[in-house]
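These notes are about the structure you will find just below.
The numbers here are math on the coordinates, done by the rules we state, and not lab data. Every value quoted in this text rests on a predicted model; they were computed, and no experiment measured them. Cβ atoms come from the backbone with ideal geometry, glycine included; neighbour counts cover every protein chain shown.
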Amino acid sequence: MSPSLPELVTKRLALRCWSEGDRDDFANMNADPVVMRDLGGPLGRDESDRKLDRYAESFDRNGYGRWAIDLLLDGSRREFLGYAGVMPVSGEHPLGLHNEIGWRLRQDAWGHGFASEAAGAALRDVFTRIGLTHVLSYTASDNARSQAVMERLGLRREPSLDFSANYGGTELWHGLVWVASPSTTHSNER
């Protein structure tokens, strides 16, 4: 499905390319209304599958994208937790063409530092292997969890880039923007 890039391994996690076997776990995560609250609500299976296809195809087109995250258990056992990684965003976005770091975890994986650990590994990868010089991250003003991850990663808040957009819902979404760069981002290796 995705090219065979080496995994990014941290103390507790493995970030890997997507496989066909990830579809059920990904769809279950995307169907959780709490997990999907800030993204307009749960996704149906077809929409979830299309999203996973976009994530997998990003590696083919760009050499980077959203990685599947596995918790490393004892021996060779693993457990799917969600995703984290950097995706190119089209010029049709209010901020124009840019790269964005994002993450999404199953609700039972929240509060353990997994998002910070995985996003830190993904940022190190695009800064070193790909050579990106900056990456944006954005979230809603009431998403304190994502803002805490951005702060732990050492991202710099950039209010001049804040934007509003309609992502298909009835309400306008307001995004607060942070910037990651190789010199300011914490490695956050646990």
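Things to note:
- Spin-label pair K11/D38, simplified geometry with 7 Å Cα→Cβ offset, distance in nm: 2.4
- If you plug the beta carbon distance of L72 and W110 into 1/(1 + (r/R0)^6) with R0 = 22 Å, you get a FRET efficiency near 0.75.
- Peptide packing for 77-85, 113-121, 8-16 was compared via the average number of neighbouring C-beta atoms within 10 Å per residue; ordered from the highest value, the list is 113-121, 77-85, 8-16.
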